[in-house]
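What follows is a set of notes on a single structure, which appears directly below.
Nothing in this text is a laboratory measurement; each read-out follows from the coordinates by a stated rule. It should be emphasised that the depicted structure is a prediction, and the values quoted were computed from it without experimental measurement. As a convention, Cβ positions derive from the backbone with ideal geometry for all residues, glycine included, and neighbour counts pool all protein chains shown.
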Amino acid sequence: MNVDNVSADRGPALRIPRSRGALGGLAVLLLGIWGALIPFLGPYFDFAFTPDDSWAWTSARGWLEVLPGATAVIGGLLMLTSRNRLIAGFGGWLAAAAGLWFIIGPFLTDLLNIGTLGDPVATSDLKRAALHLTFFYGLGALILFFAATSLGRLSVRTARDIAFARREVDAKAAARTDTQTAVVPEPVSTTARPATGTKPQLHKPRLGGA
């Protein structure tokens with residue numbers, strides 16, 4: 001089978017090495033975990049928005065942080081583990097949507113009536129900026145960057161992808177050939193064969209005394 005046949009086959013064309021989305025997927029996964037948990041863990045380090053109580057739940061936190069964080073985690077897992085181009089691409093788009101929502105969500109709280117964002121617990125402008133960047137805008141930009149980079153890599157079929165697909169197709173063809181050419185042991189006959197050897201001798205009875 002040549003490369004042209006592999007390229008024409010839709011199935012192998014969708015197969016990619018798992019390492020193709022590994023870096024972007026891992027980065028998105030870790031950033032999503034941060035985004036979903038930092039509003040609850042931040043108060044332990046005096047790094048939070050009000051209410052600054054650990055594990056305090058608000059509707060705004062659910063919509064603006066937990067939801068996009070969980071979405072980014074799912075997208076990152078799909079990008080990290082899938083060998084299918086479509087599934088990995090779907091994970092990339094999920095991650096991109098999560099990153100975008102981290103950026104624009106805080107501006108839509110009043111319009112969508114999803115609660116109050118809260119105020120940054122800070123006494124300096126530098127810490128306020130750090131809180132906004134690490135909780136929302138900078139976090140969303142990083143997720144969006146890694147998602148877009150991975151989507152760009154997934155949209156191009158490189159020579160490495162073709163070689164990977166060709167190896168898989170050749171391996172499956174070899175497995176089928178081995179199965180078809182496997183030697184089947186000849187069944188052993190259970191029919192008894194006639195015994196071979198000398199014919200039995202016939203003894204004539206003696207006449208007279210012993």
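Under 5 Å from the amide H of THR116 lie the amide H atoms of ALA60, each residue being 5 or more positions distant or on a separate chain, with H modelled from the backbone and absent for Pro and chain starts. Distance between the pseudo-spin-label points of ASP53 and LEU133 (7 Å out from Cα toward the beta carbon): 3.1 nm. Taking every alpha-carbon pair within region 31-154, the share separated by more than 16 Å comes to 59 percent. When only the Cβ of Lys, Arg, Asp and Glu is charged (+1, +1, -1, -1), the dipole of region 31-154 relative to its Cα centre reaches about 660 debye. For ASP119 and SER155, the FRET efficiency from 1/(1 + (r/R0)^6), where r spans their Cβ atoms and R0 equals 41 Å, is about 0.50. Model label points for ILE87 and ALA22, set 7 angstrom from Cα along the Cα-to-Cβ axis, are 1.7 nm apart.
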